Amino acid sequence: MEITLRQLSVKKRLWAQVSACFLVIIVISFLMLSSLYSELKHAKQLETQHIVETAYGVVNFYAEQVTTRK
């Protein structure tokens, strides 16, 4: 038994459209949040990498000073 949209009442068609819109909004929100999470994770990783590189540079600088004084 096939039901076409014309056979449904106006109320049911309206609810179907509202539900479809709501579902699309939820999917888009999920995709945006997922993208935002990935970007924040990548930014945090870069920040950590820069901090480690800076610390390595400082340690390397002082290690070179110690070896040149001897």
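Of note:
- For Rg and Dmax of the Cα atoms in Å, computed directly from the structure shown, the correct entry in [x] 18.5, 62; [y] 12.5, 43; [z] 29.2, 94 is [z].
- Length released on extending from Tyr62 to Cys21, taking residue separation times 0.36 nm less the Cα-Cα span: 8.6 nm
- Helix 10-69 axis, angle to the chain major axis (alpha carbon atoms, nearest 10°): 0 degrees
- Comparing Thr4, Leu40, Ala55 along the charge dipole axis of the chain, the residue lying farthest to the positive side is Thr4, per the Cβ-charge model.
- The slack in the chain from Glu53 to Ser35, taken as 0.36 nm per residue of separation less the alpha-carbon distance, amounts to 3.8 nm.
Every read-out reported here was derived from the displayed coordinates using simple, explicitly stated rules and does not represent laboratory data. All values derive from a computational prediction rather than experimental measurement. No Cβ is skipped: glycine too gets one built from the backbone with ideal geometry, and neighbour counts run over all protein chains shown.
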